[in-house]
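Notes to accompany the following structure.
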Amino acid sequence: MSQLGDKISAKCDGINYEKIDRMEAFNQFVKKKNTFLFGITITFLTFYILLPVLAFTPVLQQKAVGSITWVWVYSLALFIMTIILCTLYVKMASKFDKAAAAVLQEYEKAGA
Amino acid sequence: MNLVSAGFFLGIVGLTLIVTYIAARRTSSASDFYTAGGGLKGWQNGFAIAGDYLSAAAFLGVSGAIALTGFDGFFFSVGYVVANLVLLYIIAEPMRNLGRYTLADMLTSRFNEKRIRGVAATGTIIIVILYMIAQLVGAGALIKLLFGIEYWMAVLIVGVMMTTYVLFGGMTATSWVQIIKAGLLLFGTTLLAFLVFSKFDFNLVKMFDTVSTNYGDEYLVPGMKYTSTIDSVSMMLALVLGTSGLPHILMRFFTVKDAKTARASISWTTWITAIFFSLTIFLGFGAMHFVGFDKIIAENAAGNTAAPLLAEFLGGNILLSFICAVAFATILAVVSGLVLTGASAISHDIYGEILKDGKLTEKQQVLAARIGSISIAIVSILLALFAQSLNVSFLVSFAFCIGASANLPVILYTIYWKKFNANGAVAAMVTGLVSCLILGALGPNIWSPTGNAIFVGEPIVNLAVPAIITIPLSFFAGYLGSILTAHKVEQAEAERVYKEIRVKAHTGISVQDVSH
């Protein structure tokens, strides 16, 4: 798109997305956020998909406590993991919110 | 039907109709109709998502499956719970930041093309109809069983009620029906689980020992239903990734005002589903021990009435009536959400945006939404009347498989991949959808040598849910489609749009939020 087109579209909704996208603070924030999000996602998906893989091996079929076998313990651990990672996300997300707000503030200060 | 059960049913029907009446007076714009004006609070939307999530298949199906097959039934519980994390970590907030009413709205915020909207709307309608038939067939069977009403009449009753909620109350009424139902379901399940646990002296080991001694150790490990690793891995993938691709779940993120509230919603849903699905162990083992296989199977071969039968054992007619009324509310809430989602694809995406170029007045939009709701309701009621003998849990897991294959890859690419383009988007969606339908048609739910599927014969693809093939295939098609056609796309313009999407998705910035 031409320079002129850029100016028009920026004028139309009042926000210069190109400018925010070029900001170093924005890029650092997005990088940090994505590393966290995808790092944790890959981790929990790995633990999750290991359940049906290991469930059919003797590893998880042995008894842990009384008649309770390890598959149940592993499943319960996945429940607990979900609650812990949910809490962690909420905590981290409010930090990201602050970082995003700081980026927008910097953008506003610089003048659109 | 006796007086107590009639009382519970009338109570639930009355309560939901009052909610609909109040909501109807507030529903005047398209935004009210599709997304409750975006005004739901975090906890409300969290309960409503849980209400969508804990369908009859989850409540009746999972506890029945644990009662009949032990740990194999619990696989579902684990899948439903962990799926919340996928929603929370990578879907909910960008979805809220980019979308308006439908999944197609979110995709077209990056690729403003009618073909993208068309394909996305088609996928939505297919998933909604499959899911809806499953719910209606289940509802018909359940109500027939409980009250001895004819199947066709039961389907009609549920059909008329769901259409009433959606038609008059839109998303506000639908959400409140889901909230009320999620609360009732959580209460009912906790009560049943508590009563079961008390009979085992609140000793978990004693409960498992009882199952082991009386019924055998095979109930405490997988293998009664799923015998191959690859089959169960495929199903587990469909569950955990499919949730984030189900249009009626995605639509719920548009009912809140910002990304922060979308996040709070899923946080609530995570807690509710984690608690609920932990309790399914008690319901399942309780039904196994106190009701017994013979009686469960005699009532319903798939075990769908295990939980109501357990309620009857534990609390007699009153508890049975209460649990049945809750199950009824569950079905109503889920099908209402589905009608609304289907209607949004027909009337907003296909009629409003594709056929009329978005040039509809507010009044015409609401009228179109109501006509869309009636059409999707009529189609699914008619299909449900003919689909009585279909395997319900197969239809549900298939809807998850399509969600995971046709929708999730395209959503992820749209938000996170710079080089993704419109051709890649169409390639990913069409490949995901078509590969699911083809592999499903060649699979063991359609073909069986023993004759317990639709056709007699050897299945060509021996996977009940083909997610393990179709999800990577869709990701690959999206990648290939984008790379191969990269030279045909106006790169500068494509990059400009992606930058805008990236800023919006990560900061939640929009016209309303920043004043310049």
Compare the Cα positions of B:HIS506, B:TYR479, B:GLY432 along the charge dipole of segment B:413-510 (+1 at Cβ of Lys, Arg; -1 at Cβ of Asp, Glu; about the Cα centre) and return the one farthest towards the positive end. B:HIS506
Please list, or write none, the lysines whose alpha carbon is within less than 24 Å of the alpha carbon of B:LYS114, excluding same-chain residues fewer than 8 places away. B:LYS356, B:LYS359, B:LYS363, B:LYS418, B:LYS419, B:LYS488, B:LYS499, B:LYS504
Using the Cβ atoms and a cut-off under 12 Å, what net charge is assigned to the surroundings of A:LYS63, where Lys and Arg are +1 and Asp and Glu are -1? -2
Ratio Rg/Rh [Cα only; Rh per Kirkwood] for segment B:69-145: 1.11
Loop only by DSSP, 12 or fewer other Cβ within 10 Å of the Cβ. Give me the trypsin sites (Lys or Arg not before Pro) in segment B:354-398 that pass, ordered by residue number. B:LYS359
Heavy atoms only, probe 1.4 angstrom, no DNA, RNA or ligands counted: give me B:LYS206, A:LYS109 ranked by accessible area, highest first. A:LYS109, B:LYS206
Per-residue ellipticity at 222 nm for the protein assembly as shown, helices alone: DSSP H runs ≥ 4 residues times -39500 (n - 2.57), over residue total, nearest 500 deg cm²/dmol? -24000 deg cm²/dmol
Additional length obtainable on full extension of the chain from B:GLU299 to B:VAL205, 0.36 nm per residue less Cα span: 30.9 nm
With every protein chain present, what accessible area does A:TYR48 have (1.4 Å probe, heavy atoms only), rounded to the nearest 10 Å²? 0
What is the ratio of the Cα radius of gyration of segment B:195-268 to 2.2 N^0.38 Å, where N is its residue count, to two decimals? 1.75
Normalise the Cα radius of gyration of the protein assembly as shown by 2.2 N^0.38 Å (N = residues in it) and let me know the number. 0.95
Tally Lys/Arg at +1 and Asp/Glu at -1 over every other residue whose Cβ is under 14 Å from the Cβ of B:ILE18; what's the total? +2
Does anyone have the angle between helix B:306-343 and the longest principal axis of chain B? Alpha-carbon axes, 0 to 90°, nearest 10? 10
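Would you work out the charge dipole size for chain B about its Cα centre, treating the Cβ of every Lys and Arg as +1 and the Cβ of every Asp and Glu as -1, and quote it to the nearest 20 debye? Show your work: numbers first, answer last.
Details: 30 positive and 26 negative charges, 294 e Å.
Using only the charged Cβ atoms, the result is roughly 1420 debye.
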Please give the total accessible area that chains B and A bury against each other, computed with a 1.4 Å probe and expressed in Å² to the nearest 100. 5400
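Taking 0.36 nm per residue of separation and subtracting the Cα-Cα distance, what length does fully extending B:ASP217 through B:ARG25 add? If you can, show how the numbers build up before the last one.
Values: separation 192, 0.36 × 192 = 69.12 nm, distance 5.71 nm.
Going from the current span to full extension adds 63.4 nm.
Give, to the nearest whole percent, the P(r) tail of chain B beyond 29 angstrom, counting all Cα pairs. Display every interim value, and only then the final one.
Working: 65722 of 132870 pairs.
Above the 29 Å cut-off, chain B has 49 percent of its Cα pairs.
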Magnitude of the charge dipole, segment B:162-240, Cβ model with Lys/Arg +1 and Asp/Glu -1, debye to 20: 320
For B:SER244, the accessible surface traced by a 1.4 Å probe with all protein chains present amounts, in square angstrom to the nearest 10, to 0
When the charge dipole of chain B is computed with +1 on Lys and Arg Cβ and -1 on Asp and Glu Cβ about the Cα centre, the Cα farthest towards its positive end, among B:GLY73, B:MET153, B:ALA422, belongs to B:ALA422
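So if R0 is 25 Å, what FRET efficiency would A:ILE42 and A:SER94 give, r being the distance between their Cβ atoms, rounded to the nearest 0.05? Please report the intermediate quantities before stating the final value.
Details: r = 23 Å, r/R0 = 0.92.
For R0 = 25 Å, the calculated efficiency reads 0.65.
Let's see if you can work this out: charge +1 on each Lys and Arg Cβ, -1 on each Asp and Glu Cβ, no other charges. What is the dipole magnitude of the protein assembly as shown about its Cα centre, in debye to the nearest 20?
Charge dipole of the protein assembly as shown: 1460 debye, to the nearest 20.
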List the relative contact order of chain B as a percent without decimals, with contacts defined as Cα pairs under 8 Å and 6+ residues apart. 28
Please determine, in degrees from 0 to 90 and to the nearest 10, the orientation of helix A:3-13 with respect to the longest principal axis defined by the Cα atoms of chain A, where the helix direction is its Cα long axis. 70
Would you tally the net charge around B:ASP72, using a Cβ to Cβ cut-off of less than 12 Å, leaving B:ASP72 out, and scoring K and R as +1, D and E as -1? -1
Expressed as a whole-number percentage, the relative contact order of segment B:264-330 with C-alpha contacts under 8 angstrom and at least six residues apart is 23
Give me the mean projected area, in nm² to one decimal, of the convex hull enclosing the Cα positions of segment B:430-499. 6.0
Looking at B:ILE454, B:HIS248, B:LEU385, which one has the Cα that reaches farthest to the positive end of the dipole of the protein assembly as shown (charges on Cβ: Lys, Arg +1; Asp, Glu -1)? B:HIS248
Average partner coverage of A:70-82, which counts Cβ from other chains inside 10 Å: 5
Label-reachable residues, segment B:25-65, where backbone N falls under 19 Å from a point 7 Å from A:ALA101's Cα toward its Cβ: B:42
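Counting only protein heavy atoms and using a 1.4 Å probe, what share of the accessible area of chain B belongs to carbon plus sulfur, as a whole percent? All intermediate terms of the calculation are to be shown ahead of the outcome.
Details: 11740 of 18040 Å².
Carbon and sulfur: 65 percent of the exposed surface of chain B.
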If you count only protein heavy atoms and use a 1.4 Å probe, how large is the accessible surface of B:TRP271, to the nearest 10 Å²? 120
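The values are calculated or read from the model by the stated rules, or taken from the named source; none is laboratory data. This is a predicted model, so every value here is computed, not measured. In this analysis, Cβ positions are derived from the backbone assuming ideal geometry, glycine residues included, and neighbour counts consider all displayed protein chains. These accessible areas exclude ligands, DNA and RNA; they are computed on the full protein's heavy atoms, side chains included. Shrake-Rupley method; radii C 1.70, N 1.55, O 1.52, S 1.80 Å.
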